[in-house]
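A quick write-up on the structure given underneath.
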Amino acid sequence: MSTLTYTAIIEPTGTGFSAYVPDVPGCIATGSSYEETVQQMQEALACHLEWMREDGDDIPEPTSTAAAVDVPTDATGSPCWNHGDS
């Protein structure tokens, strides 16, 4: 069996975590822990794609990625040094 690997965005909430897959609009999951949310997302995505197949919909290719981006915590080295200047 082949697999597709989708990027899931997982965000903390006031009660746990929520997740969505940018390449599959409408596919979301929640959980009380990060691990539970990942598991719920796997199940939700598998069901969502199965229902899309049953409905004759095209399965979207996984194209989204995520990156951790470092930014300075003070103005030193900021690329926005002249923001707002006229």
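The values are calculated or read from the model by the stated rules, or taken from the named source; none is laboratory data. Since this is a predicted model, take the numbers as computed values, not measurements. When we count neighbours, we look across all protein chains shown, and the Cβ atoms used for this are built from the backbone with ideal geometry, even at glycine. Quick note on the areas: whole protein, heavy atoms, side chains included, nothing else; ligands and nucleic acids left out. Shrake-Rupley method; radii C 1.70, N 1.55, O 1.52, S 1.80 Å.
State whether the residues of the stretch 17-37 include one that is part of a helix (DSSP H, G or I), hydrophobic (A, V, I, L, M, F, W, C) and modelled with pLDDT of 95 or more.
From the stretch 17-37, those part of a helix (DSSP H, G or I) are 34-37; that's our starting set.
This time we only want the ones that are hydrophobic (A, V, I, L, M, F, W, C), so: none.
No, there is no match, as no residue in the stretch 17-37 is part of a helix (DSSP H, G or I), hydrophobic (A, V, I, L, M, F, W, C) and modelled with pLDDT of 95 or more.
Of everything in the stretch 33-76 that's in contact (Cβ under 8 Å) with a residue 12 or more places away in the chain and open to solvent by 100 Å² or more (accessible area, probe 1.4 Å), which residue is nearest to the chain's Cα centre (by Cα)?
It comes out as 65.
Does residue 28 satisfy the condition of being free of Cβ contacts under 8 Å to residues at least 24 places away in the same chain and within 22 Å of residue 67 (Cβ to Cβ)?
On the way: free of Cβ contacts under 8 Å to residues at least 24 places away in the same chain: yes; within 22 Å of residue 67 (Cβ to Cβ): yes.
Taking the combined requirement at face value, the residue satisfies it.
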